[in-house]
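Enquirer: Quick one: this structure, given as structure tokens, is what I'll be asking you about.
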Amino acid sequence: MSGLIAATTSAVDKRKALRAGLSSGTIQRLPGAINPLTAKLIQEIGFEGVYVSGGAFSAGLGLPDIGLTTLTEVIEHSRQIAGVTDLPVLIDADTGFGEPMSAARTVLAAEDAGVAGLHLEDQVNPKRCGHLDGKAIVPTAEMVRRLRAAVTARRDPNFVICARTDAAGIDGIDAAIERAKAYADAGADLIFTEALHTEAEFAKFRAAVDIPLLANMTEFGKSKLIPARVLEEIGYNAVIYPVTTLRLAMGAIERGLREIHETGTQEGQLDRMQTRSRLYELLEYERYNEFDSGIFNFTLGGNQ
Ligand SMILES: C[C@](O)(C(=O)O)[C@H](CC(=O)O)C(=O)O
Ligand SMILES: [Mg+2]
């Protein structure tokens, strides 16, 4: 049964792995998982970690990314994803769902959900996507209070608290660097440098800040899409592809639905689909026989 239904690696070990990865000199690549099944694929392909995006989660609920989702919803979604993967899971906790005490509660809930780390951002409530104009940030001292509350609350010292600064797009990169230094002093383990534009900006940030850095390679935003290898050369420690799997899936879903609508059949889409046999392989369907031989007692014909 080992590894079926739920992953075998404990949350404690996953947090140790994330810490070790962040100080390894090898960039940790964390694609966003839109659901637990996607997290299984991320693990199978060989990435170092899994990201849970607030933007993708709210979009999946049919909502914009403007702070409408709740602590409970995000934690439950994250718990399901963390439960099926041996990889560390980093989650998007927006502004911490309220005042500093709520940020502390978010950390406790995330620990209980088996998550390896979370990021808190310095935007005002209600927050918005970091790649949109018109966002606003709280004073540095307020974000420091948010972070101190989070850092003090954690029970597992290896739980990663990542501080995201949205300041570059508002007050410029120098102000963002100053904030990052204050956030590191407040106990942040990792800095998420939101919405930088070019390699030169990423390099400038790297030169100025001593602790690990995370890059956000989200599509159709403010940042150039810089390959992981280049980010690693610059000295970044982690990179997220937060909404990529949602955009890939939704692009394919829209094309497929339009074709069915126009032609009356999905026949032309079959070679773009994950086959039944590939799905079953990913789910390790056959191994569930170990538990109950009545579950996988059939064979699949060709082309499935
Ligand atoms: C990383 C992010 O916070 C997310 O929710 O995934 C978003 C990504 C996006 O909207 O493209 C962000 O604010 O950058
Ligand atoms: Mg977000």
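Enquirer: Determine if the stretch 39-46 includes at least one residue that is crowded, with 18+ Cβ neighbours inside 10 Å and within 16 Å of ligand 1 (Cβ to nearest atom).
Expert: Looking through the stretch 39-46, at least one residue is crowded, with 18+ Cβ neighbours inside 10 Å and within 16 Å of ligand 1 (Cβ to nearest atom).
Enquirer: Find the residue count for the stretch 181-204, including only residues that are under 18 Å from G169 (Cα atoms), away from ligand 1 (no atom under 16 Å from the Cβ) and surrounded by 22 or more Cβ atoms within 10 Å (Cβ to Cβ).
Expert: Qualifying residue count for the region: 1.
Enquirer: Which one is nearest to N35 (Cα to Cα) among residues in the stretch 245-279 that are of a type in the set (V, I, T) and under 28 Å from the mean Cα position of the chain (by Cα)? Don't jump to the end; show me each part of the working.
Expert: In the first step, residues of the stretch 245-279 are kept if they are of a type in the set (V, I, T); the result is 245, 253, 260, 263, 265, 275.
Going one step further and asking which of them are under 28 Å from the mean Cα position of the chain (by Cα), we end up with 245, 253, 275.
Details: T245: 10, I253: 16, T275: 18 Å.
Taking the candidates together, the pick is T245.
Conditions tested, residue by residue: (1) surrounded by 14 or more Cβ atoms within 10 Å (Cβ to Cβ); (2) in a helix (DSSP H, G or I); (3) assigned by TED's automatic domain parsing to the domain that holds R206.
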{"position": "L231", "(1), (2), (3)": "yes, yes, yes"}
{"position": "V239", "(1), (2), (3)": "yes, no, yes"}
{"position": "E262", "(1), (2), (3)": "no, yes, no"}
{"position": "T265", "(1), (2), (3)": "no, no, no"}
{"position": "Q274", "(1), (2), (3)": "no, no, no"}
{"position": "S277", "(1), (2), (3)": "yes, yes, no"}
{"position": "Y280", "(1), (2), (3)": "yes, yes, no"}
{"position": "N297", "(1), (2), (3)": "no, no, no"}
{"position": "L300", "(1), (2), (3)": "no, no, no"}
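Enquirer: Tell me the strands (runs of 3 or more DSSP E) entirely within the stretch 113-196 that contain at least 3 residues that are in contact with a strand residue (DSSP E or B) (Cβ under 9 Å, 6 or more places away or on another chain) and within 14 Å of ligand 2 (Cβ to nearest atom). Full working, then the answer.
Expert: On the way: elements: 117-121, 160-165, 190-193.
Passing ranges, in order: 117-121, 160-165.
Enquirer: Could you list, in sequence order, the residues of the stretch 45-101 that are away from ligand 2 (no atom under 14 Å from the Cβ), of a type in the set (A, V, I, L, M, F, W, C) and in contact with a Leu (Cβ under 6 Å, 6 or more places away or on another chain)?
Expert: V50
Enquirer: Now for a different question. Exactly one of (1) surrounded by fewer than 24 Cβ atoms within 10 Å (Cβ to Cβ); (2) small (G, A, S); (3) in contact with a Pro (Cβ under 7 Å, 6 or more places away or on another chain) is unmet by G49. Its number?
Expert: Against the list (1) surrounded by fewer than 24 Cβ atoms within 10 Å (Cβ to Cβ); (2) small (G, A, S); (3) in contact with a Pro (Cβ under 7 Å, 6 or more places away or on another chain), G49 comes up short only on (1).
Enquirer: Out of G96, G130, which single residue is within 22 Å of A82 (Cα to Cα) and either among the polar types (S, T, N, Q) or in contact with a Lys or Arg (Cβ under 9 Å, 6 or more places away or on another chain) (or both)? Steps first, please.
Expert: On the way: G130 fails: within 22 Å of A82 (Cα to Cα).
Selected residue: G96, the only one of G96, G130 that is within 22 Å of A82 (Cα to Cα) and either among the polar types (S, T, N, Q) or in contact with a Lys or Arg (Cβ under 9 Å, 6 or more places away or on another chain) (or both).
Enquirer: Report, ordered by the first and then the second residue, all pairs with beta carbons closer than 6 Å, sequence separation of six or more or different chains, a first member in the stretch 47-72 that is within 14 Å of E121 (Cβ to Cβ), and a second member that is within 10 Å of ligand 2 (Cβ to nearest atom) and at pLDDT below 95.
Expert: From residues that are within 14 Å of E121 (Cβ to Cβ), the pairs are G55/C129; D65/C129; I66/R128; G67/K127.
Enquirer: Still on this structure, please answer the following. Could you list all residues from the stretch 210-222 that are assigned to a loop (DSSP other than H, G, I, E, B), more than 16 Å from ligand 2 (Cβ to nearest atom) and crowded, with 19+ Cβ neighbours inside 10 Å?
Expert: P212
Enquirer: Identify the residue in the stretch 43-75 that is closer than 21 Å to Q28 by Cβ and outside any helix (DSSP H, G or I) and, among all such residues, is farthest from the chain's Cα centre (by Cα).
Expert: The residue in question is G46.
Enquirer: Can you find, within the stretch 155-176, the residue that is surrounded by the fewest Cβ atoms within 10 Å (Cβ to Cβ) among those that are farther than 13 Å from D122 by Cα and either hydrophobic (A, V, I, L, M, F, W, C) or within 17 Å of the chain's Cα centre (by Cα) (or both)?
Expert: I173
Enquirer: If you go through the stretch 76-112 one residue at a time, how many are of a type outside the set (D, E, K, R) and part of a helix (DSSP H, G or I)?
Expert: Of all residues in the stretch 76-112, those of a type outside the set (D, E, K, R) come to 77-78, 80-85, 87-91, 93, 95-98, 100-104, 106-110.
Still in the running and part of a helix (DSSP H, G or I): 77-78, 80-84, 100-104, 106-110.
Matching residues across the stretch 76-112 total 17.
Enquirer: Looking at A6, A59, A33, A20, which one is away from ligand 1 (no atom under 12 Å from the Cβ) and modelled with pLDDT of 95 or more? Full working, then the answer.
Expert: Details: A6 fails: modelled with pLDDT of 95 or more; A59 fails: away from ligand 1 (no atom under 12 Å from the Cβ); A33 fails: away from ligand 1 (no atom under 12 Å from the Cβ).
Testing whether each residue is away from ligand 1 (no atom under 12 Å from the Cβ) and modelled with pLDDT of 95 or more leaves just A20.
Enquirer: Can you name the number of the only condition in (1) surrounded by fewer than 14 Cβ atoms within 10 Å (Cβ to Cβ); (2) more than 29 Å from E286 (Cα to Cα); (3) not hydroxyl-bearing (S, T, Y) that L18 fails?
Expert: L18 satisfies all of (1) surrounded by fewer than 14 Cβ atoms within 10 Å (Cβ to Cβ); (2) more than 29 Å from E286 (Cα to Cα); (3) not hydroxyl-bearing (S, T, Y) except (1).
The values are calculated or read from the model by the stated rules, or taken from the named source; none is laboratory data. Remember, predicted model here, so these are calculated numbers, not experimental data. Backbone-built Cβ (ideal geometry, glycine too); neighbour counts: all protein chains shown.
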